1. Can you tell me the accessible area per residue over the chain, all protein chains present, probe 1.4 angstrom, in square angstrom?
2. So if I place +1 on the C-beta of Lys and Arg and -1 on the C-beta of Asp and Glu, and nothing else carries charge, what would the dipole magnitude of the chain be about its Cα centre? I want it in debye, nearest 20.
3. For segment 34-116, take the alpha-carbon Rg, divide it by the Kirkwood Rh, and send me Rg/Rh.
4. Counting other C-beta atoms within 10 Å, and keeping those with at most 14, which DSSP coil GluC sites (Glu not before Pro) do you find in segment 1-79?
5. Which whole-number percentage describes the relative contact order of segment 46-98, with Cα contacts under 8 Å and a sequence gap of 6 or more?
6. Considering only Q86, G155, P166, whose Cα is most displaced toward the positive end of the charge dipole of the chain, charges sitting on Cβ of Lys, Arg (+1) and Asp, Glu (-1)?
7. Suppose every Lys and Arg Cβ carries +1 and every Asp and Glu Cβ carries -1, with no other charges. What dipole size does segment 48-140 come out with about its Cα centre, to the nearest 20 debye?
8. Share of the chain's accessible area from carbon and sulfur, percent, 1.4 Å?
Amino acid sequence: MKINVPLQAGFLPDQFTKHADASDKIDQHPVVSFPIEFHDVPENAASLALTLIDPDSIPVCGFAYIHWVAANLDSSLTELPTDASQSGTIPMTLGNNSLAGGLLHVTDEQLNRHYIGPTPPDQPHDYHLTVFALDQKLDLPDGFWLNQLEKKMTGHVLAQATSVLPVRN
């Protein structure tokens with residue numbers, strides 16, 4: 001399985017990051033998700049799940065920041081279009097990002113259960129997008145946590161692909 005995210009000059013395009021236009025932000029947070037192309041998804045896959053995590057945030061805030069987590073995407077998808085997280089055009093079960101956690105505790109579901117764009121504060125960061133092809137749909141409600149996804153996926157991952165997405169400061 002392979003995934004592709006279009007980059008510009010080697011970086012995730014600004015429209016999906018802290019450099020996005022104000023019209024693409026909620027409370028200063030970029031919320032328009034980037035497109036993802038899916039290639040060679042196993043034919044027997046029943047669903048897809050994805051995570052977008054920033055391990056470069058550990059020295060800044062003490063943990064790997066979760067920017068996006070979603071499950072139960074249709075395995076026949078060849079592309080997740082721009083703004084799929086907020087638009088609702090592609091059915092998916094939306095998990096909590098780090099804004100929902102106890103440290104930040106943002107209660108607006110438009111922010112804490114959708115894509116929240118990269119905002120590296122100190123230097124360029126590398127964001128890890130991983131897509132999983134699964135042999136079943138997962139019994140998860142909207143607002144699930146990353147650890148719940150990982151437990152439900154155990155023994156059900158047919159293939160996975162990771163892409164590192166650099167984001168400029």
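The values are calculated or read from the model by the stated rules, or taken from the named source; none is laboratory data. Predicted model only: the values in this text are computed from it and were never measured. Cβ coordinates were reconstructed from backbone atoms using ideal geometry, including for glycine residues, and neighbour counts include every protein chain displayed. Heavy atoms of the whole protein, side chains included, go into the accessibility calculation; ligands, DNA and RNA do not. Shrake-Rupley method; radii C 1.70, N 1.55, O 1.52, S 1.80 Å.
1. Details: 7930 Å² over 169 residues.
For the chain, the per-residue accessible area is 47 Å².
2. Numbers: 8 positive and 20 negative charges, 48 e Å.
Value, rounded to 20: 240 debye.
3. Details: Rg = 13.9 Å, Rh = 13.7 Å.
Expressed as Rg/Rh, it is 1.02.
4. Numbers: sites: E37, E43, E79; in loops: E43.
Taking segment 1-79 and a limit of 14 other Cβ atoms within 10 Å, the loop GluC sites (Glu not before Pro) found are E43.
5. This gives 37 percent for segment 46-98.
6. G155
7. On the way: 2 positive and 11 negative charges, 31 e Å.
Dipole size: approximately 160 debye.
8. Numbers: 3800 of 7930 Å².
C and S fraction of accessible area: 48 percent.
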